[in-house]
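The block underneath contains the structure these notes are about, expressed in structure tokens.
The values are calculated or read from the model by the stated rules, or taken from the named source; none is laboratory data. This is a predicted model, so every value here is computed, not measured. Glycine gets a Cβ as well: all are built from the backbone with ideal geometry, and neighbour counts include every protein chain shown. The accessibility values were calculated without ligands, DNA or RNA, using every heavy atom of the protein model including side chains. Shrake-Rupley method; radii C 1.70, N 1.55, O 1.52, S 1.80 Å.
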Amino acid sequence: MKIKQAKEYFELGVIVGFYAIRDPLKMGYWLLVIEGKEERSWTLQTAKNEAKSFASLDTLMGEIEEIAGRVSSLQVRI
């Protein structure tokens, strides 16, 4: 899912949350997973329809703020 569509889905109430996972193809990078209703999920995509990787969690959190307008908390699971 591209960021424009993510913003639209958020405004429509389709998105219920976000989480980050390690990128299996790029060591030390993260992928942003967007959780939707009815157990649907998507990764944030680049303009070339590739999974968008983030080198830092700060940058990833900035993308969440871009989509949702705010971030209220961050949870880490081991």
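Quick one: residue 65 ticks every box in (1) more than 13 Å from the chain's Cα centre (by Cα); (2) surrounded by fewer than 12 Cβ atoms within 10 Å (Cβ to Cβ); (3) modelled with pLDDT of 95 or more; (4) among the charged types (D, E, K, R) bar one, so which box is it?
Condition not satisfied by residue 65: (1).
Using the structure shown, decide if residue 26 is assigned to a loop (DSSP other than H, G, I, E, B) and surrounded by fewer than 17 Cβ atoms within 10 Å (Cβ to Cβ). Lay out the reasoning, then the answer.
On the way: assigned to a loop (DSSP other than H, G, I, E, B): yes; surrounded by fewer than 17 Cβ atoms within 10 Å (Cβ to Cβ): yes.
Here the answer is yes, as residue 26 does meet what is asked.
Which residue is least open to solvent (accessible area, probe 1.4 Å), if the candidates are limited to region 1-18 and must be without any contact (Cβ under 8 Å) to a residue 40 or more places away in the chain, touching an Asp or Glu at 6+ places or on another chain (Cβ under 9 Å) and not in a loop (DSSP other than H, G, I, E, B)?
Let us first name the residues in region 1-18 that are without any contact (Cβ under 8 Å) to a residue 40 or more places away in the chain, namely 4-5, 8-9, 11-14, 16-17.
Cutting the leftovers down to touching an Asp or Glu at 6+ places or on another chain (Cβ under 9 Å) gives us 14, 16-17.
Going one step further and asking which of them are not in a loop (DSSP other than H, G, I, E, B), we end up with 16-17.
Working: 16: 97, 17: 14 Å².
Once the filter is applied, the top-ranked residue is 17.
Being loosely packed, with under 12 Cβ neighbours inside 10 Å and either within 18 Å of residue 76 (Cβ to Cβ) or among the β-branched types (Val, Ile, Thr) (or both) is the filter here, so list the residues in region 29-55 that pass it. Please lay out each step first, then the result.
From region 29-55, those loosely packed, with under 12 Cβ neighbours inside 10 Å are 37-39, 46-50; that's our starting set.
Listed by number, the list holds a single entry, 46.
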